[in-house]
Amino acid sequence: MRSLVFVSHSLPPDRSSLENVGGMQRVADELLQALRARRDVRVREIVLRVPWRHAHRRALVFLASLVVRLPQVVTHGDTVLFSSVTSALPTAAIGRALRRRGATLATIAHGLDVTQPHPVHQAAVRAALGAMDLILPVSRATEAEVARRTDTPTEVVPNGLNLDRFERSEPPTTRAVFREERNEWGDDAFVLLSVGRQIPRKGFAWFAAEVMPKLPPNVHWCLAGDGPERARIEHAVRRAGLQNRVHVLGLTSEAALARLRAQADLFVMPNLPIAGDMEGFGIVMLEAAAYGVPTIAADLEGIRDVVDETTGVRVRAGDADAFATAIRDLCSDRARRTKLGEGARQRARGLGWDHVAERYVTALTDARAKRGR
C-alpha cells in the first residue's frame, strides 16, 4: 500500500488543542500523525477539523460533501481509510462506485458509531459496512457488533497511545507531592480516579450512590470530565454525605490530569450496560495504565480488551458489593497493586502509535493485495 486517503469528520482544530477533546478525536488525530510519519505510505487527508463542541453541527455538511469530493479525489490504486463508521457513512451511496474505480475501502469501527440505535442510522451503517473491503474494529466486542450487521472481513486493531504524553514520577516523589497538595486528606488517603464524559453508561452516578458509601473513610474518588449527568452525580454525592471524599472536578487540563494520574492508586471504570450505547474500548484506562495505575472496571464490552488479570480487576457490572470488595482488597494489598500497575504499564508501552500504525498498514496492505487477485 503506497497511497492512503485518510478521511475523518471530527479532528481537533490544530495540534495545540488536544485538551478536553473526545477520545475518538484524539485517537484519529494521533493515528493520522503516526501514518504521516511513515516513509512507506503517501498520505492525503480529507478531514474536518473542528472544536469538539461544534463537531455534530458541522459534521453533517462535511459528510454530505464527501459524496461529491471522494469520487473527485480517489483514484485507482488508492486505499481509503475512514477514521470511524460515521465518517464512512457516505459510502452507503458511493462505495460501490469507488471500488469499481479500483479503490480499496476500509473503516475503523469504535463501538457507538456502529450501535447507535436510530433506524435510519442503522440502515446507513449496514450499507456502509457492506461497501467496505475491510473493517478494523478496536475491540472484540465491537467486532461482534460489526458481525451482526455485515459479513465484510474484519481485523481487530486496538487504539494506540502517544507515549510521549505520559511520564510518571517515582512513587515516593509522587506521594510527597500528593501530601503537599492534598494534605487535608491525610497520609493514608487512598485515591481512586475516573475520567470521562458524564453520561449514563459510564456509571458515575451509580458509583457515587452505591459503591462509595461502602468504602473506608480514607478512600477518595476524583472524577474529571463533564456531561449531562453531572447534576445527578453531585446530587448523589450530597445525598450520601460524601462531599469531603468525592471530588467532581469538571473539565480538567492535561497538566492537571497528569498530576491526577500520578497520584492515583486505582483507576475506576464503573460502566453500566445501556442498550445501543456500548463502551467500544476505553482509551482512558490505557492512559492511566501508562502511569502504572491498574484499573477496576465493569466486566463489559470493549473494556475486556484493555483490562485483564495482569492489568487490573473486572467486576460484574452493577454489583456494588463486588466493586467495594475488589477496591478494599487492593487497598490493603500493595504488592498486588504494584504488580498489576507494572502489568498495566507494559500493556500501554506495547500500544504506542508506531506499533499500532504498523498493524494498520499491514492490514490495509493485505486488503489491497486481495483486491488485486
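The values are calculated or read from the model by the stated rules, or taken from the named source; none is laboratory data. All of these numbers come straight from a predicted model, not from anything done at the bench. Don't worry about glycine lacking a Cβ; one is built from the backbone with ideal geometry, like all the others, and counts go over all protein chains shown. Calculation scope for accessible area: heavy atoms of the full protein, side chains included, ligands and nucleic acids excluded. Shrake-Rupley method; radii C 1.70, N 1.55, O 1.52, S 1.80 Å.
Taking the 0 to 90 degree range and rounding to the nearest ten, how far is the long axis of helix 171-181 tilted relative to the main principal axis of the chain, both from C-alpha atoms?
Once rounded, the angle reads 70 degrees.
Got the relative contact order for the chain handy, in percent, Cα pairs under 8 Å and 6 or more residues apart? The partial results should precede the final answer.
On the way: 687 pairs, mean separation 59.6, N = 373.
Relative contact order for the chain comes out at 16 percent.
In whole Hz, with x marking every Gly and Pro, tabulate ³J(HN,Hα) for the stretch 61-78 from phi via Karplus 6.51 cos²θ - 1.76 cosθ + 1.60, θ = phi - 60°.
Result, rounded to whole Hz: 5, 4, 4, 5, 5, 5, 4, 8, 6, 4, x, 7, 9, 7, 10, 4, x, 6.
Relative to the longest principal Cα axis of the chain, at what angle does helix 353-372 sit, 0 to 90 degrees, rounded to 10?
30 degrees
Using a/c under 1.5 as the rounded threshold, could you call the stretch 218-260 rounded, prolate or oblate? The axes a ≥ b ≥ c are square roots of the C-alpha gyration tensor eigenvalues, and prolate needs a/b larger than b/c, oblate otherwise. List each step's numbers first, then the result.
Values: a/c = 3.92, a/b = 1.36, b/c = 2.87.
Oblate is the answer for the stretch 218-260, as a/c is 1.5 or above yet b/c matches or exceeds a/b.
Evaluate E = 1/(1 + (r/R0)^6) for residue 76 and residue 140, where r is the Cβ-Cβ distance and R0 equals 35 Å; express this FRET efficiency to the nearest 0.05. Before the final figure, lay out each step's value.
Numbers: r = 34 Å, r/R0 = 0.98.
With R0 = 35 Å, the Cβ-Cβ based efficiency is 0.55.
So if each residue of separation counts as 0.36 nm, and I subtract the Cα-Cα distance between residue 147 and residue 338, what length gain in nm does that give?
Numbers: separation 191, 0.36 × 191 = 68.76 nm, distance 3.80 nm.
Full extension from residue 147 to residue 338 adds 65.0 nm.
So how much accessible area does residue 332 have, in Å² to the nearest 10, using a 1.4 Å probe?
100 Å²
Can you bin the stretch 276-330 into rounded, prolate or oblate? Criterion: square roots of the alpha carbon gyration tensor eigenvalues sorted a ≥ b ≥ c, rounded for a/c under 1.5, prolate for a/b above b/c, oblate for the rest. Display every interim value, and only then the final one.
Details: a/c = 2.16, a/b = 1.08, b/c = 1.99.
Oblate.
For the stretch 23-88, just the Cα set please: Rg and Dmax, both in angstrom.
12.8, 36
Once you've got the GNM for the chain with C-alpha springs shorter than 10 Å, pick whichever of 150, 311, 86 has the biggest mean-square fluctuation.
Maximum among the listed residues: 150.
Per DSSP helix of 4 or more residues, -39500 (n - 2.57); summed, then divided by the residues of the chain. What does that give at 222 nm, rounded to the nearest 500? Kindly include the intermediate steps, with their values, before the conclusion.
On the way: 14 runs with 158 residues, N = 373.
It comes out at -13000 deg cm²/dmol, rounded to the nearest 500.
Say we join alpha carbon atoms closer than 10 Å with springs in a Gaussian network model of the chain; which of 77, 341, 302 then has the biggest fluctuation?
Per the Cα network of the chain with a 10 Å cutoff, 77 tops the list.
For the chain, just the Cα atoms, rotate onto the principal axes and tell me the three extents in Å, largest first.
66, 42, 34
Under the classification rounded if a/c is under 1.5, otherwise prolate if a/b is larger than b/c and oblate if not, where does the stretch 87-129 fall, given a ≥ b ≥ c as square roots of the Cα gyration tensor eigenvalues? Walk me through the numbers on the way to the answer.
Values: a/c = 3.91, a/b = 1.81, b/c = 2.16.
Oblate shape, in that a/c is at least 1.5 and b/c is the bigger or equal ratio.
Looking at the chain as a GNM with Cα springs under 10 Å, which of 314, 230, 148 has the largest mean-square fluctuation?
Taking springs between Cα atoms under 10 Å, the residue moving most is 148.
Please report the equivalent ellipsoid semi-axes of the stretch 173-324, computed as sqrt(5 x eigenvalue) of the Cα gyration tensor, largest first, in whole Å. Don't jump to the answer; show the numbers that get you there.
On the way: eigenvalues 97, 67, 44 Å².
Value: 22, 18, 15 Å, ordered largest first.
Could you please report the charge total around residue 37, scoring K, R as +1 and D, E as -1 over all other residues with beta-carbon less than 12 angstrom from its beta-carbon?
Values: positive: 36, 38, 39; negative: 30, 40, 354, 358.
Result for the neighbourhood of residue 37: -1.
Modelling each spin label as a point 7 Å along the Cα-to-Cβ direction, I'd like the residue 39/residue 101 distance in nm, to one decimal.
If labels sit at residue 39 and residue 101, their model points lie 3.1 nm apart.
So what does the Cα-only Debye profile of the stretch 62-134 read at q = 0.13, 0.19 Å⁻¹, as log10 I(q)/I(0), no solvent term?
Reported log10 I(q)/I(0), two decimals: -0.33, -0.69.
Once you place label points 7 Å from the Cα toward the Cβ at residue 256 and residue 370, how far apart are they in nm?
With each label placed 7 Å out from Cα toward Cβ, I get 4.7 nm.
Over all directions, the average projected area of the alpha-carbon convex hull for the stretch 1-145 comes to how many nm²?
Result: a mean projected hull area of 8.5 nm².
Given the peptides 115-127, 197-209, arrange them by the average over their residues of other C-beta atoms within 10 Å, most packed first. Numbers along the way, then the final one.
Numbers: 115-127: 14.9, 197-209: 22.2.
By packing density, highest mean first, the sequence is 197-209, 115-127.
Normalise the Cα radius of gyration of the stretch 313-372 by 2.2 N^0.38 Å (N = residues in it) and let me know the number. Kindly include the intermediate steps, with their values, before the conclusion.
Working: Rg = 19.4 Å, N = 60, 2.2 N^0.38 = 10.4 Å.
The value comes to 1.86.
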